[in-house]
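Data first, discussion second: the structure below is written as structure tokens.
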2 protein chains.
Amino acid sequence: MAELVGNVLVGQSGGPTSVINASVAGIISEALNHECIEEIYGTLNGVLGILQEDLIDLASESQQQIRALKHSPGAALGTCRYKLKKQQDFERVLEVFKAHNIRYFFYIGGNDSQDTADKISKLAQQQGYELRVIGVPKTIDNDLPITDHTPGYASAVKYLATTVREIAADNEAMGQGDLVSIIEVMGRSAGWLAAGSALAKRRDHPHDPPHLILLPEVPFAQDKVLEDIRRTLKREKFCQIVVAEGLVDSDGNYLAADAATDSFGHAQLGGAGDALAEIIGQNIPGVKVRVAKPGLAQRCAAHAASKTDVDEAFLAGEAAVEAAIAGHTDKMVTLLRGDGDHYTTETGLAPLSDVANSVKKLPREWINEDGVSMNFQFLRYAQPLIQGEVTVPHDSGVPVFARLEKVRVDKILPGYDV
Amino acid sequence: MAELVGNVLVGQSGGPTSVINASVAGIISEALNHECIEEIYGTLNGVLGILQEDLIDLASESQQQIRALKHSPGAALGTCRYKLKKQQDFERVLEVFKAHNIRYFFYIGGNDSQDTADKISKLAQQQGYELRVIGVPKTIDNDLPITDHTPGYASAVKYLATTVREIAADNEAMGQGDLVSIIEVMGRSAGWLAAGSALAKRRDHPHDPPHLILLPEVPFAQDKVLEDIRRTLKREKFCQIVVAEGLVDSDGNYLAADAATDSFGHAQLGGAGDALAEIIGQNIPGVKVRVAKPGLAQRCAAHAASKTDVDEAFLAGEAAVEAAIAGHTDKMVTLLRGDGDHYTTETGLAPLSDVANSVKKLPREWINEDGVSMNFQFLRYAQPLIQGEVTVPHDSGVPVFARLEKVRVDKILPGYDV
């Protein structure tokens, strides 16, 4: 494989996670090891920054700030939900790449982003422009195929399991057999996050909270769920329920009434918790219902991140650069779990086209027959991912996160209307 | 002062906090130092446990578990919102105290609980039963008078400021000048918690998020707030708003439509965030609005507690015992701030009757003229309270909390119907 000399471009896309910046740190850290890489640029707000030629010089950032990326939530380069649609947009991307001699493009994102990376890669091949494109997986939804799991998922789950256990302690103190506590969690089409809340249970304590996990995979059976709640209230001091925002009824309609649509055509939800609270209040007289909705905190609670997750996100960034240097392109880095009893991870590669726009569902056989709890197969899968705590530096009592200088790269091309 | 020989009873009341158990640990720890104290009992679920003679032997708990109370949320003894109403209830309390030779009663709670403690103390005096009653302050609402601040408040604020800063990082990455992010926080009648979110701002960065803090003290002026939001969206990439659940309009009506009433006659709220989101969506076209509602997590996120708060809650417990041993009764422990530049705390005592059912308001002069931000006087007050982080032990990736054995004290009296 001939050495490809040129510049690196790193981008972040879609919803941030607690560890998406750790992947940027991994990419920069590894890129600095290779002499064929001349400049290390970042694009501001993903493909939007490419279209508008808003690039920054990442190599000029202080080492201190790059190190701080490992514990900083959000997306330090900015992100976007803009989807390249027109052929003209793709042509513009290539034009910008050529103008800045971008030969290595690392795009950190979920399904839609891997699809974008794939299309950019294929257009470059068509045009005979030598470009190596490697995707880095990212999403708290854990719904990317082929990879064992996705960086960002474990930290969201660790935060949720922590929150569930804490709220359970509060509920246990307050409850007199009349308290239903609902936590509405993210998860449009797959219940990976809601399922993860099962990690709040102690091993061999199936009756520990959360008492019911309502997944998008299991249509809401109102009478059965109400009966489950009544039974739990009799047995325990309270009933703690984790409900995914994407819970649907037997006709496939969202429990939440006001579904809208985001720019990728996905329904935007919210309100399953309140809808459920209303149903419970109407059907179980005298019960008190409390709803919490962590919302965005689920994907940015870096102070409660999983150390395993942070390390793997960094590793995935490093592996992307190594793969590109080795001549790979049009691939996404995957995480592979070792076969041994002791949890280990290695990285692999999968064709972007196999990843793009495909969704990994929560296996039905990991859900117990009761439909509201997870079995040992899920726990065996998820448990290792949330191991280890991080130490986030604090100043004046609050966490301190990275702030990049964002030194702009001079624009070369005429402007472009997005 | 003649030595009073007898048993201790500890109770917890009202909503739990992240540090209410630290006060229990402080009481037990100090009580063990005094030979005139024979047994150390706890009442399960506050006054309910007294009425029903549900007492446990705290001295028989392991030292390990008592130490773990310092980082355990919820209320390890159980709590209640039951309010003693009938004279018969008060008589029963005294009867139980006499039956178990309770001579020291420590009640950890907020305004209502201090009122209950006061009434029990006065009835004992009337009956000539020697009893020393000391209240220990507790509430995330920070609304108890006389004490500089209330254990529990600082940890809730630290968690909120952390969450605000993390969500701000996410918002900053996603926003394109069109994103409004709302965090609905607790606070029925006073904006102490909402105000505390101002600690997420860096010193001398008044434009840092949260951009608007909507307090119950400042009636919601829709046009002005919408104008503030529009201006922020122009200046920043996003507008982050912290709204107290008790936000009212100029007629004093809650912004949230469905106000109910709890057993103490307070309106139970929820929904100010969603109500605000609706107003914004209707009035600022094209804007995206996201709502998070940490709910109960605000008062139980022990993993993000303030070390200062934990230490002061423990100290308040110790001070309660010391005061009772010294002969004080019918008092609540207060926290007194030192005059020096360096933050220090000592404890004092205030008559229960001065505390009971009185409310400390957020000083109006600590709110900036814009009505949506806090000035340096508030920051100088609140900043020291959230200093220091705690280390909570984890097992299998989630925090581990105290689990008391709760060895029951034998019942002596006939049953009592609550």
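The values are calculated or read from the model by the stated rules, or taken from the named source; none is laboratory data. Predicted, not measured: the structure shown is a model, and the values here were computed from it. With ideal geometry, Cβ positions are generated from the backbone for all residues, glycine too; neighbour counts draw on all protein chains shown.
May I ask you to list the residues in the range A:282-308 that are assigned to a helix (DSSP H, G or I) and more than 10 Å from chain B (Cβ to nearest Cβ)?
The answer is A:GLN282, A:ASN283.
Please enumerate the residues belonging to the range A:32-66 that are in contact with a strand residue (DSSP E or B) (Cβ under 8 Å, 6 or more places away or on another chain), within 12 Å of chain B (Cβ to nearest Cβ) and outside any loop (DSSP other than H, G, I, E, B).
Listed by number, the list holds a single entry, A:GLY49.
Any residue that is surrounded by fewer than 23 Cβ atoms within 10 Å (Cβ to Cβ), within 23 Å of A:THR329 (Cα to Cα), of a type outside the set (Val, Ile, Thr) and at pLDDT 95 or above - is there at least one of those in the range A:15-29?
Yes, the conditions are met somewhere in the range A:15-29.
Applying the selection to the range B:285-301, what residues are more than 30 Å from B:THR79 (Cβ to Cβ) and either crowded, with 24+ Cβ neighbours inside 10 Å or charged (D, E, K, R) (or both)?
If the condition is that a residue be more than 30 Å from B:THR79 (Cβ to Cβ) and either crowded, with 24+ Cβ neighbours inside 10 Å or charged (D, E, K, R) (or both), then B:LYS288, B:ARG290 are the ones that fit.
Anything in the range A:11-28 that is over 15 Å from A:LYS70 (Cβ atoms) and more than 8 Å from the chain's Cα centre (by Cα)? List them, or say none. Please lay out each step first, then the result.
Step one: list which residues in the range A:11-28 are over 15 Å from A:LYS70 (Cβ atoms), which gives A:11, A:13-15.
Listed by number, the residues that qualify are A:GLY11, A:SER13, A:GLY14.
Rundown of residues vs (1) at pLDDT 95 or above; (2) polar (S, T, N, Q); (3) within 27 Å of A:VAL398 (Cα to Cα), yes/no style:
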residue	(1), (2), (3)
A:GLU3	no, no, no
A:VAL10	yes, no, no
A:GLU39	yes, no, no
A:ASP54	yes, no, no
A:ILE66	yes, no, yes
A:ALA75	yes, no, yes
A:GLY78	yes, no, yes
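Suppose the filter is within 14 Å of chain B (Cβ to nearest Cβ) and in a helix (DSSP H, G or I); does A:ALA75 pass it?
no
Looking only at the range A:368-386, filter to residues that are surrounded by fewer than 17 Cβ atoms within 10 Å (Cβ to Cβ), of a type outside the set (D, E, K, R) and in a loop (DSSP other than H, G, I, E, B); which one of those is nearest to the other protein chains (Cβ to nearest Cβ)?
Looking at the filtered set, the residue picked out is A:ASN375.
I need the full set of residues from the range A:260-270 which are within 13 Å of chain B (Cβ to nearest Cβ) and either at negative phi or modelled with pLDDT of 85 or more (or both), in order please.
A:ALA260, A:THR261, A:ASP262, A:SER263, A:GLN268, A:LEU269
Quick one: in the range A:353-367, of everything that is surrounded by 14 or more Cβ atoms within 10 Å (Cβ to Cβ) and among the aliphatic types (A, V, I, L, M), which residue is nearest to A:SER13 (Cα to Cα)?
That would be A:ALA356.
Which members of the range A:145-177 meet the condition of being within 12 Å of chain B (Cβ to nearest Cβ), out of contact with any helix residue (DSSP H, G or I) (no Cβ under 7 Å at 6 or more places or on another chain) and among the acidic types (Asp, Glu)?
Answer for the range A:145-177, where residues must be within 12 Å of chain B (Cβ to nearest Cβ), out of contact with any helix residue (DSSP H, G or I) (no Cβ under 7 Å at 6 or more places or on another chain) and among the acidic types (Asp, Glu): just A:GLU172.
Within the range A:190-211, work out how many residues are within 20 Å of A:ASP141 (Cα to Cα), away from every other protein chain (no Cβ under 12 Å) and crowded, with 24+ Cβ neighbours inside 10 Å.
Qualifying residue count, the range A:190-211: 6.
Please return the ranges of strands (runs of 3 or more DSSP E) entirely within the range A:151-247 where 2 or more residues are closer than 23 Å to B:TYR159 by Cα.
Numbers: elements: A:179-185, A:212-214, A:238-244.
In the range A:151-247, A:179-185, A:238-244 are the strands (runs of 3 or more DSSP E) which contain 2 or more residues that are closer than 23 Å to B:TYR159 by Cα.
For A:LEU404, all conditions in the list (1) within 14 Å of another protein chain (Cβ to nearest Cβ); (2) in contact (Cβ under 8 Å) with a residue 60 or more places away in the chain; (3) surrounded by fewer than 18 Cβ atoms within 10 Å (Cβ to Cβ) hold save one; what is the number of the exception?
So A:LEU404 meets the others, but not (3).
Which one of these is within 14 Å of chain A (Cβ to nearest Cβ) and either buried (at least 23 other Cβ atoms within 10 Å of the Cβ) or not in a helix (DSSP H, G or I) (or both): B:LEU69, B:LEU84?
Numbers: B:LEU84 fails: within 14 Å of chain A (Cβ to nearest Cβ).
Only one candidate qualifies: B:LEU69.
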